[in-house]
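The values are calculated or read from the model by the stated rules, or taken from the named source; none is laboratory data. Keep in mind it's a predicted model, so treat the numbers as computed, not measured. Don't worry about glycine lacking a Cβ; one is built from the backbone with ideal geometry, like all the others, and counts go over all protein chains shown.
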Amino acid sequence: MRFFRLIWAHLTRSKRRTFLTVSSIALALFLFCTLRTVMTSLDAGIRASDDTRLVVRHAASLVFPLPLAYRSRLEQVPGVRRVGYGNWFGGYYQDKKNQFTQFAVDGPSLFDLYPEILIGSAQREAFLAEQTSCIAGQTLVNKYGWKLGDVIPITGTIYPGTWQLTLRGIYKASTPDADENAIFFHWKYVNEGMPQGRKDLVGIYWLRVASPSDAPAVSAAVDAIYENSPQPTKTETEKAFQAGFIQMMGNVSLLLTILGSAIVFAILLVTVNTMMMAARERTSEIAILKTLGFTDALVLRIVAAEAMIVSLAGGFVGCGLAFLVFTLLTFLKFDLTAGGMFPNFRVLPETVGWGLLLALGMGLASGLVPAFTAARLQIASALRKVA
Amino acid sequence: MAGIPIVYNLRNLAARRVSTALTALGIALVAWVFIFTLALSGGFQAALTSTGSPQNAIVIRKGSTAELMSILDREVAAAVSSQPEIARATDGTPLAASELMVVWNLTRKSGTTTNVVVRGVGPKSLALRPTTHLQQGRMFRPGLDEIVVGKMVSERFRQCSVGDRLKLAGREWTVVGVLDSKGKTYDSEIWGDVELFMPVFDRPVYQSLTLRLADASYLTPLKRRLESDPRMNVEVEREDRFYAEQSGTMATMLRVLGLFVTSIMSLGAIFGALNTMYAAVGSRTKEVGTLLAIGFSRGAILTSFLIESVLLALLGGVIGCLLALPVRSFTTGTMSFATFSELAFRFQVTPLMLLAGLGFAGLMGLVGGFLPARRAATMPIVDSLREA
């Protein structure tokens, strides 16, 4: 670090250029962090899943329901501790644009299966005691400004009609990846409102097993029971179920990776160019340094360090900006959920880590050519060229 | 006095070959990303908007936002089919098809799984979609365990080539044909006989009814009469509008993503162009002084440097466009929220998009070149001539 002042002098020689370069790297890394956060937010469901929870659905697709009668049979499967069930409701609040996760569930088992749902016992009892009640996540409640006791009309698209739900509880999620943008109400309420032929149908069953190692045996046992029935089942861990959902989105990650690589590469080219121009302008200075006795290796390190500092500064600014912007937007209750697809849009610490690593890589790559050119510079010819 | 010849700019760009190439490539990549995202959202939207026809109407249950959630009883379907506004086939029967739609989990060739739309169709279904035809094989025979699959399904999923046997609803079905609907959503569907599908999939009701209007203007009276009939409880929508609405959420999301990425990225590239042009101006201080001394106006100098910057950016734009051409052959699939299943589509690169990419690149050059050009144009003659 003895030469820090020298490097600093180089960087401040053209303040405008340094500023522009740092800014363009910062923008690239801001984009990198954003795109990666889109990906990690899609995966939030996987991170929030519990290895002792299994999901049972119709083998063909989630769209097909299972009979309610499966419940008592599932409870008898060895290894199963608790059975819950619910239907994806798929409605909207007031306007078609207001869509979020809505589940019609079996109330009592919900809290046993999902300890992630944190709610006061008084609110919980109030919810369980009333068939037309509901509980909603804190984020959702904040977004629409609901209060306890409010009647929330939810219009069904799968279950026709507008359903009046009284808000009896507000829950918080125990982990940052769990969904606080959801509303839960009673399966029984919906079931009673359905015509004959659409009664007693269940979208998914949730099973709790004693330990993750029981999961494969329980899954196989459940699927074997219904293998030849008209409604065969597919049982998998919650993690696998969530992963299946993301697979359905198609190759989003590939598209984002293509975009991200193009961005990083474009800015890398820009940075390489700037570093080369900066070094070219200083040909005579470098020749003088060498005349003064600076070795080739030292000159190489000084020029490379300059590129690294510029790059890392851009990295810190870009990643920091991404972190700040998205935290602030969430804090200001700005809706980043995209209709429930990203229940938790937040920049993960490892995303910032990868971003900084990338900045380091860009610094190395952009400093390489000018550093070697400077190291190989012949004093005599360089001084002559300038004169 | 006349402007500075463009050849001066071209030679300058050629003289600083490496710098020109790096800056142009940087801008090329930005233009490429711009076109890429346009092609992505354009392709998705085109698949849906091209699907409907203004001549057709689709009938679904009131309150359901999409076919999948709709239910139409046989009686309702029969009543709708007998409406006078419906066009007639050559044999005098109404051109209308009641259809069943379910989604089924299939395995992609890559091994991952996703939902695919399985549509039970009637004898008029194909006639209602004039641009859809069999690309390979033949149509299924009603009553037999036969299906035809969309082109994209055939390309992307296992067991979906002609002659393959595919398991659906506990039965094995022989794939007898491949449908080509010219990029419409039917390319991502599987079709079979609706009367056979109903018992096999245990669905005693239809999901939707598609009909051809004898005249496009008949939509309004038909819609008014059916929707006001409480026994029907249906919604009537022009088919093209129905599909266009379905593209909503996803297309908007893709467009927002594209806009967000390209606008931030272009700012980065403009910074790069600024650096390059400032360096160009800086290293040619003496030249600028000379140009001024021999009588070129300051306006001519400003224009000249702007032209140089725009030329540099356009070079990048052209490279970006060339790189974007192969994007046309990309196909991808994503989930359509309306059907809860995969909609595969081809990226769409239109001449307009390429032009937009080129214009975008030019704009970056103009913005990035302005400040350095102004600096060149405002140099004091004496000082600039004295400089090294």
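Structure notes:
- Residues in the range A:153-187 that are modelled with pLDDT under 95, away from chain B (no Cβ under 14 Å) and not in a strand (DSSP E or B): A:S174, A:T175, A:P176, A:D177, A:A178, A:D179, A:E180, A:N181.
- Residue count for the range A:49-65 under the criterion of being buried (at least 21 other Cβ atoms within 10 Å of the Cβ) and more than 12 Å from chain B (Cβ to nearest Cβ): the result is 3.
- Annotation: B:E308 fulfils all but one of (1) within 14 Å of chain A (Cβ to nearest Cβ); (2) surrounded by 23 or more Cβ atoms within 10 Å (Cβ to Cβ); the unmet one is (1).
- Here B:A313 does not qualify as hydrophobic (A, V, I, L, M, F, W, C), within 11 Å of another protein chain (Cβ to nearest Cβ) and closer than 11 Å to B:G369 by Cβ.
- A count restricted to the range A:8-40 and to residues that are small (G, A, S), in a helix (DSSP H, G or I) and over 19 Å from B:T37 (Cα atoms) stands at 4.
- Yes/no for B:L355 being over 21 Å from B:R156 (Cβ atoms) and either in the same structural domain as B:S263 (by TED's automatic domain parsing) or not aromatic (F, W, Y) (or both): yes
- Some residue of the range A:273-286 being within 11 Å of another protein chain (Cβ to nearest Cβ) and of a type in the set (D, E): yes
- Criterion: out of contact with any strand residue (DSSP E or B) (no Cβ under 9 Å at 6 or more places or on another chain) and buried (at least 21 other Cβ atoms within 10 Å of the Cβ) - qualifying residue of B:P380, B:P372, B:P326, B:P351: B:P372
- Residue within the range A:325-335 that is farther than 30 Å from B:T252 by Cβ and crowded, with 19+ Cβ neighbours inside 10 Å present: no
- Test for A:D43: is it more than 17 Å from the chain's Cα centre (by Cα), modelled with pLDDT under 90, more than 14 Å from chain B (Cβ to nearest Cβ) and surrounded by fewer than 19 Cβ atoms within 10 Å (Cβ to Cβ): no
- The number of residues in the range A:51-92 being in a loop (DSSP other than H, G, I, E, B) and either closer than 21 Å to A:G197 by Cα or touching a strand residue (DSSP E or B) at 6+ places or on another chain (Cβ under 7 Å) (or both) comes to 15.
- Considering each residue of the range B:154-164 in turn, none proves to be in contact with an Asp or Glu (Cβ under 8 Å, 6 or more places away or on another chain) and more than 14 Å from chain A (Cβ to nearest Cβ).
- The residues listed here are B:F345, B:F370, B:F305; of these, the one that is within 20 Å of B:V33 (Cβ to Cβ), among the aromatic types (F, W, Y), in contact with a helix residue (DSSP H, G or I) (Cβ under 9 Å, 6 or more places away or on another chain) and modelled with pLDDT of 85 or more is B:F345.
- Residues within the range B:86-123 that are within 24 Å of B:K223 (Cβ to Cβ) and either in a loop (DSSP other than H, G, I, E, B) or of a type in the set (K, R) (or both), tallied: 7
- Pairing residues of the range A:239-252 that are more than 9 Å from chain B (Cβ to nearest Cβ) with residues that are crowded, with 17+ Cβ neighbours inside 10 Å and in a loop (DSSP other than H, G, I, E, B), at Cβ distances under 8 Å and at least 6 apart in sequence or on separate chains, gives A:K239/A:S49; A:F241/A:S49; A:Q242/A:S49.
- The range B:199-247 - residue that is among the aromatic types (F, W, Y) and outside the structural domain of B:S98 (by TED's automatic domain parsing) and, of those, surrounded by the most Cβ atoms within 10 Å (Cβ to Cβ): B:F242
- Test: residue in the range B:275-284 that is within 33 Å of the chain's Cα centre (by Cα), more than 30 Å from B:V162 (Cβ to Cβ) and within 14 Å of chain A (Cβ to nearest Cβ): no
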